[in-house]
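Taken together, the values in this text are just the output of simple stated rules run on the coordinates, not laboratory data. Since we're looking at a predicted model, the values are computed, not measured. Glycine gets a Cβ as well: all are built from the backbone with ideal geometry, and neighbour counts include every protein chain shown.
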Amino acid sequence: METNFRKTNLDNIESATIVNQKNLLASVFIWMFIGMVLTTIASLSFAFIPSLFDLMINVEPDGYVKKSMLGHIITFAPLLMLIGLGAGYRKLSFSMLAAFFIGFSILFGVSLSYIFIIYQIGSIVNVFLSTCALFGVMAGVGYFTNTDLTKLGSILSIGLVGIFIASIINYFVGSSQMGYIISILAVVIFTGLTAYDMQKIKAMIQENDGSESFKKIALMGALNLYLDFINLFMALLNIFGKRN
């Protein structure tokens, strides 16, 4: 049976391409949503089930509460996982990458369980809703703008390294003033990175051929947006959150 390619409707090809792009973009946000749900469940479980939360703290004789060794390990484990992912991403299959994303989301949720002890529930909800609004606006800017954000992304990436180093130092120093400054810078950086990452995802999905490589791209795109959202949320919470 012969196929007359000269009679192929180009509009159908264009429509199929658009559908393919939309499917991949939907996959990005579905994976991001899955990650957010897992993170929320894990953080709530460890915060409100005493037997779990007690694993992460030590109570001194004078009543002072501090993180246990496990608590410190869980705090830094997501960072170590990201470093490992950066080194071995190309060797991972899509299924292995998906398993990594799920495990990472759960572990990150456990590391965030402290916020329910430190901040008022109503304040957490308000900041979360504000983060959703800001994230949605900046993701829309990144998707619809015609301005190339590549240079902005490069500058923000440098700033990201700076606040990362500062955050590690402040983790041990414990300066509230330094933490406040870091949070302000983090809001600026992750707001911009949300738009940049969204534009980068849009550019990559336009070349989608349905292969496993592009499925991995969708998952990595979801991970980037997930990290943008979580870090933006934590920075806003540190600035505007009402403490218990």
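Descriptive notes on the structure:
- Values [x] 17.2; [y] 18.1; [z] 19.9 are given for comparison; Kirkwood radius over Cα pairs in Å, derived from the coordinates here, is the one labelled [z].
- Rounded to the nearest 20, the size of the Cβ-charge dipole of the chain about its Cα centre is 100 debye, with Lys and Arg at +1 and Asp and Glu at -1.
- The mean sequence separation of alpha-carbon pairs under 8 Å and at least six residues apart, normalised by the residue count of the range 165-244, gives a relative contact order of 44 percent.
- The relative contact order of the range 5-240 comes to 29 percent, based on Cα pairs under 8 Å that sit 6 or more residues apart.
- Between the helical axis of 69-88 and the longest alpha-carbon principal axis of the chain there is an angle of about 20 degrees.
- Which of Lys67, Lys200 has the fewest Cβ neighbours within 10 Å, and the rest in rising order: Lys67, Lys200
- Degrees, to the nearest 10: 212-240 long Cα axis against longest axis of the chain: 40 degrees
- Ile57 long-range amide H proximity, modeled H, under 5 Å: Ser68
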